[in-house]
Structures are given as structure tokens and as C-alpha cells.
Amino acid sequence: FYLPPKPLRLGEFLTNYCMVRKKNKLLIGLLFSLAMNLILIYFIRDKIANKYKQYFCEIPYNPKSRPDYWCIQGWNNTLKKMDINCDVCFFGHSIIYGSDFRKYFPDKSIINLGYPGDNVDGMMLRVPQIGYVHPKKVFLMCGSNSLKMDDKYFYYAYSNLVDSIKNQIPSKELILLNIIPMRDHEKNVIIRRRNKFLEKFARENNIQYVNLYKLYVDNKGNLIDSLTIDGVHLKEFAYGRWADAIKEFM
């Protein structure tokens with residue numbers, strides 16, 4: 001026998017209608033929220049990648065996005081075609097840039113590859129420069145401009161940097177220089193922690209290590225005021241302490 005469906009009462013009809021509308025609104029709201037989040041992630045993806053790149057242990061951005069990328073490539077190309085041979089190469093950032101060890105070691109051919117503002121990522125782009133100048137020894141200073149990086153990422157990137165340099169000069173001597181202090185308490189806390197890593201890294205990998213930090217620190221753990229221009233960089237005469245510390249390697 002055919003039994004016609006029982007007609008809904010008005011109250012039941014309205015209740016069911018409202019429930020369907022409510023579910024549809026919830027679904028539409030979720031889809032809208034998802035869409036907005038995807039749009040937001042698309043526009044800030046680079047910032048997210050840079051913030052969390054230490055957890056992926058890789059450099060997630062294209063080096064060509066650096067504003068100085070082609071300038072560095074031009075510099076690399078120039079050194080490659082100059083066919084230079086030197087005794088010693090100093091590689092690093094502005095504190096290397098500000099040095100001139102030729103006056104302390106006039107009998108040595110010295111190349112200064114200091115680039116102001118450079119950090120561990122930027123130095124990776126310049127590693128070929130070391131191979132192009134054919135040094136017998138390389139002094140590496142890296143870290144002052146990488147203090148904002150997560151420790152885990154810095155340790156990973158620094159290890160890669162050292163490996164890359166050793167590949168460029170496999171039979172030559174590499175000497176690691178630690179990070180000198182600044183006149184900034186918070187940064188000095190990070191510097192001391194990073195220097196412990198650098199010392200341990202050098203010991204475990206059988207690499208020569210020079211503790212410059214102890215030469216420039218006062219009794220409060222800051223860079224000695226009379227030796228600095230601005231609380232970060234050294235005055236010209238202050239490099240004399242450095243020269244004495246590396247004399248045995250020269």
C-alpha cells in the first residue's frame with residue numbers, strides 16, 4: 001500500500017529550514033575564512049619562510065632576489081679574470097673590511113674580501129672569490145651581522161659556509177676567527193653563546209681557531225670603549241692587537 005508522506009507541521013518546517021540555513025552559513029564562513037587565509041599566506045609567504053627556515057635547514061629564498069646579487073656576481077667575475085695569487089685572504093664583513101694587515105705583515109701578499117653588512121647567507125654567494133685569489137691561508141670572520149638569526153639556523157648555515165670554503169681551497173689552511181664584542185649587553189649575550197659554538201665547531205673539525213673576543217672585551221663584557229668607533233667597529237690602531245694574535249699563523 002502507498003502511504004503518502006506525513007506533512008510537516010509549520011514549526012518542524014521552520015526548525016529544519018533554520019538548521020539547513022545555519023549549516024550553509026557555517027560552511028560558507030569556513031570556506032571564506034580558508035580563502036582569506038590562503039590569500040594572506042600568498043602575500044606574506046617570504047616572511048613566513050624566512051622566520052621558520054631554521055626548522056627546514058635550508059635557504060628557502062632565491063638568492064637572485066637579493067638587491068646586491070648582480071653586484072656580487074660582477075665582483076666575483078672581476079676577481080676570476082684578474083688571475084690573482086696571494087699569501088693570505090681575509091674573508092668576512094665590515095670588521096674585516098676596515099682592516100689593513102699589510103702594514104703589519106709587509107712581506108705578505110694580502111687580499112681583503114670584507115663586505116660591510118654581509119651575513120652568513122650573503123657570504124655563501126661570495127665563497128668563489130676565495131678560490132679566485134688562490135690564497136695559501138684564509139681567515140674567516142662571520143657572525144656579527146647574523147645575530148638576529150635563530151641559533152639552529154646559524155649553526156647549520158655556518159657549517160655549510162665552512163664546508164664550501166674548504167671545497168674551494170682543499171689543500172690550504174683555514175683559520176676561524178670568533179666574534180668580537182659590541183657595546184650592547186643583549187647582543188653580547190648572543191655573541192658569547194655563538195662563540196662557544198664556534199670554538200666547539202673548530203675543535204671537532206680540527207680547524208685552527210683564534211679567540212679575538214678576549215682581546216677586545218672589558219670587565220663588564222662589552223667592547224672596550226677606547227678601541228671602537230661606534231660601539232661595533234674598531235679604530236684603526238685597535239687592529240694591532242689582532243695582528244699580534246695571528247702572527248704565529250702568518
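The values are calculated or read from the model by the stated rules, or taken from the named source; none is laboratory data. What you see is a predicted model, and the numbers here were worked out from it, not measured in a lab. For neighbour counting, all protein chains shown are included, and Cβ atoms are generated from backbone atoms with ideal geometry for every residue, glycine included. For the accessible areas, the whole protein counts, side chains as well, though only heavy atoms, and no ligand, DNA or RNA atoms are used. Shrake-Rupley method; radii C 1.70, N 1.55, O 1.52, S 1.80 Å.
Here are the numbers:
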| read-out | value |
| --- | --- |
| Residue among R194, R183, R241 that alone is open to solvent by 20 Å² or more (accessible area, probe 1.4 Å), touching a residue at least 12 places away in the same chain (Cβ under 8 Å) and part of a helix (DSSP H, G or I) | R241 |
| Residue in region 98-121 that is of a type outside the set (V, I, T), under 16 Å from Q168 (Cβ atoms), open to solvent by 60 Å² or more (accessible area, probe 1.4 Å) and more than 20 Å from the chain's Cα centre (by Cα) present | no |
| So S99, is it of a type in the set (S, T, N, Q) and part of a helix (DSSP H, G or I) | no |
| Sole residue being more than 17 Å from S99 (Cα to Cα), in contact (Cβ under 8 Å) with a residue 40 or more places away in the chain and β-branched (V, I, T), chosen from I207, I224 | I207 |
| Residue within region 152-169 that is outside any helix (DSSP H, G or I), on the phi < 0 side of the Ramachandran plot and modelled with pLDDT under 95 present | yes |
| Test for N206: is it of a type outside the set (A, V, I, L, M) and over 18 Å from the mean Cα position of the chain (by Cα) | yes |
| Matching option when the condition is in contact (Cβ under 8 Å) with a residue 24 or more places away in the chain and in a helix (DSSP H, G or I), among L147, L125, L176 | L125 |
| Positions within region 128-143 being under 23 Å from C71 (Cβ atoms) and not in a loop (DSSP other than H, G, I, E, B), in sequence order | P128, Q129, I130, G131, Y132, V138, L140, M141 |
| Set N178, N219, N205: member being in contact with a helix residue (DSSP H, G or I) (Cβ under 8 Å, 6 or more places away or on another chain) and open to solvent by 60 Å² or more (accessible area, probe 1.4 Å) | N205 |
